[in-house]
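Have a look at the structure below, then the notes.
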Amino acid sequence: MNNNKYLKAMMRTLKYVFVAFTLVLFVQSCESNLDLQPEDGRLTADAAFEDPAAYKQFLAKLYAGISLSGQDGPAGNPDLTGLDEGFSNYLRLYWKMQELTTDEALIGWNDGTIKDLHGQTWTSGNEFIRTMYSRIFYQVALNNEFLRQTTDAKLDERGVDADLRAEIQNYRAEARFLRALSYWHAMDLFANVPFVTENDPIGAFLPPQIQRGDLFTYVESELLDIEDAIVGARQNEYGRADQAAVWTLLSKLYLNAEVYTGTPRNAEVITYTTNIINAGYVIPTNPYFQLFLADNDSNGAQNEVIFPITFDGLNTQSFGGMTFLVHAPVGGAMSAADFGINGGWAGVRTTPTFVEQFPDEENSADGRALFFTDGQTKEIAATSPFNQGFAIAKFKNVDVNGNPGSDSSGDFIDTDFPMFRLADVYLMYAEANLRGGGGSTDVAVGYINELRVRAYGDTSGNISSGDLNLDFILAERSRELFWEAHRRTDLIRFGQFSDQGIWAFKGNVPQGVTTEPFRDVMPIPASDLGVNTNLQQNEGY
């Protein structure tokens, strides 16, 4: 089997082990049981682990929790009842939090309160914010339970042999990374959140609220503790976390440390981005658009990707994740066949502010300007009509030769989502250098020019050290990383998210207005506040 597809195929086996744990996983959640309840299970944990393969199957579930919403897909046997399996997908929700709230994306649909995200008018009752919160803590619960089930004492009880025990130690490090990733998302989005680890009791339990600075310290300590315990950089199976994924999450944690704790940590950004850069990842010779095709796990793009969220049209069928990111931006005069799908959902476009970041806009020589403009207007007078706002043709379900993905129905997608990739690391290094973290400005310029040679196809887009400043970095991050779920966090770090930056329909005004600075943090869902008396709402809500 292609090693790059192994984890995806493993996801088909999830339901056989996962049902053993569903009763204990979500009892520590903070949502009302009237709203969300786990599906019932009938196996005991010890019975499930009689099969040595169960450990890796459970590990696959930890990864699949980001890309899938249940055990069967695209619907049926869901992780959480009371939620639509399409819109409750972790990656789909995280993308909406990071992109629909910014100048990079808006959506024309009228599903519930979805337009409040781009308008920055959300309340603590917003169902998309609530469901993102639920997904994060469901993921935390999954990882906590895996760690409970793989202690030395548990492995001794089950008579696990030395070889499997060594593998399980690797799995435990990966589970701790995945938990740290979800807690980073919680800290970044919600600031002060419920806090539970594998050491907390199972059963009726109201988690305490941890403050953002304390959660920063916990996530940092977890990552530092597993840094040398997890599989080495570029040594794990494709789709699984390794040492470079840990270094990247540390880099992102430190890059945003001033937002989270009030204290900058840019020297550490230089340290860990340098570790990643020296680990052997490369900017491939592929044109930029090929990073986001159905064969991006094998066409060369994989040599840049540090941590992907993997998808497969046959093995990871979901209406969230990449199925959403390929279908939802296609509409109007766009050909669905060109995207390897059976039809577009005519929802997501971009704003004039993003278009204007490219010289000559839709006619830019910058190959990252992946706009579709036929029948589309740049300006947006109303958000619902798909033809208002340029369309984005970034993610496609075709390979480099134009062949569609593996699912013959055209519904489900083979394209992997690059959560962490080398281009982001280069840009983090350059930003930390500008913010006084050390390193070399000349080296930073070289890294950025490597990206711009790929974008322009030659050196015509190259910059010099005199061009390198923080405004350039923020714009370049948008040009390079748009729609990859970085923008909200970037805008907050640069002070441009709420009370400064303006773009179309921010504040529900066509020309855009500033909003209240408290919106740099999302609200704790009202439903959780009504259940967990340990929680206090974030300021402004």
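Scanning the range 334-353 for residues that are free of Cβ contacts under 8 Å to residues at least 24 places away in the same chain and among the polar types (S, T, N, Q) turns up just one, Ser335.
Considering (1) in a helix (DSSP H, G or I); (2) within 30 Å of Asp295 (Cα to Cα); (3) open to solvent by 10 Å² or more (accessible area, probe 1.4 Å), the lone condition that Ala244 does not fulfil carries the number (3). Inclusion of Glu104 among residues that are part of a loop (DSSP other than H, G, I, E, B) and modelled with pLDDT of 95 or more is warranted.
Do we have any residue at all in the range 402-410 that's open to solvent by less than 40 Å² (accessible area, probe 1.4 Å), in contact (Cβ under 8 Å) with a residue 40 or more places away in the chain, assigned to a strand (DSSP E or B) and over 20 Å from Arg477 (Cβ atoms)?
no
Of (1) open to solvent by less than 30 Å² (accessible area, probe 1.4 Å); (2) among the aliphatic types (A, V, I, L, M); (3) assigned to a helix (DSSP H, G or I), Ala233 satisfies all except one. Which? Going through the list (1) open to solvent by less than 30 Å² (accessible area, probe 1.4 Å); (2) among the aliphatic types (A, V, I, L, M); (3) assigned to a helix (DSSP H, G or I), Ala233 breaks only (3).
Scan the range 526-537 for residues that are crowded, with 19+ Cβ neighbours inside 10 Å, within 25 Å of the chain's Cα centre (by Cα) and part of a loop (DSSP other than H, G, I, E, B) and the total you get is 0. Against the test of being part of a loop (DSSP other than H, G, I, E, B) and surrounded by fewer than 21 Cβ atoms within 10 Å (Cβ to Cβ), the options Ala267, Ala294, Ala337, Ala279 yield a single qualifying residue, Ala279.
Reported count of residues in the range 376-401, each being surrounded by 16 or more Cβ atoms within 10 Å (Cβ to Cβ) and farther than 30 Å from Asp103 by Cβ, is 2. For Asp360, indicate whether it is open to solvent by 10 Å² or more (accessible area, probe 1.4 Å), more than 17 Å from Trp483 (Cβ to Cβ), free of Cβ contacts under 8 Å to residues at least 24 places away in the same chain and over 22 Å from the mean Cα position of the chain (by Cα). Yes. From the list Tyr171, Tyr183, the one residue that fits, being in contact (Cβ under 8 Å) with a residue 40 or more places away in the chain, more than 29 Å from Phe128 (Cα to Cα), touching a helix residue (DSSP H, G or I) at 6+ places or on another chain (Cβ under 9 Å) and among the aromatic types (Phe, Trp, Tyr), is Tyr171. When each of Ile463, Ile524 is tested for being closer than 28 Å to Ile66 by Cβ and modelled with pLDDT of 95 or more, the lone residue that passes is Ile524. Could you list all residues from the range 221-239 that are touching a helix residue (DSSP H, G or I) at 6+ places or on another chain (Cβ under 6 Å) and not aliphatic (A, V, I, L, M)? Result: Glu222, Glu227, Gly232, Glu237, Tyr238, Gly239.
For the range 309-324, the set of residues classified as out of contact with any helix residue (DSSP H, G or I) (no Cβ under 7 Å at 6 or more places or on another chain) and open to solvent by 10 Å² or more (accessible area, probe 1.4 Å) consists of Leu314, Gln317, Phe319, listed by residue number.
In the set (1) open to solvent by less than 20 Å² (accessible area, probe 1.4 Å); (2) farther than 23 Å from Tyr94 by Cβ; (3) of a type outside the set (Gly, Ala, Ser), the condition left unmet by Asp467 is number (1). Condition test on Thr383, is it within 22 Å of the chain's Cα centre (by Cα), closer than 14 Å to Leu106 by Cα and of a type outside the set (A, V, I, L, M, F, W, C)? Criteria not met by Thr383. All conditions in (1) touching an Asp or Glu at 6+ places or on another chain (Cβ under 6 Å); (2) in a helix (DSSP H, G or I); (3) open to solvent by 10 Å² or more (accessible area, probe 1.4 Å); (4) not aromatic (Phe, Trp, Tyr) hold for Ile473, with the sole exception of (3). For the residues Phe177, Phe146, Phe190, Phe137, the requirement of being at pLDDT 95 or above, touching a Ser or Thr at 6+ places or on another chain (Cβ under 7 Å) and of a type in the set (Phe, Trp, Tyr) singles out Phe137. When the residues of the range 494-525 are filtered to those that are open to solvent by 50 Å² or more (accessible area, probe 1.4 Å) and assigned to a helix (DSSP H, G or I), the one that is nearest to Leu206 (Cα to Cα) is Phe518. Filtering the range 50-62 to residues that are within 21 Å of Tyr138 (Cβ to Cβ) and open to solvent by 10 Å² or more (accessible area, probe 1.4 Å) leaves Lys56, Gln57.
The values are calculated or read from the model by the stated rules, or taken from the named source; none is laboratory data. The structure displayed is predicted, hence computed values, not measured ones. All Cβ positions, even for glycine, are placed from backbone atoms using ideal geometry, and neighbour counts span all protein chains on display. Please note that ligands, DNA and RNA were not included when accessible areas were found on the heavy atoms of the full protein model with its side chains. Shrake-Rupley method; radii C 1.70, N 1.55, O 1.52, S 1.80 Å.
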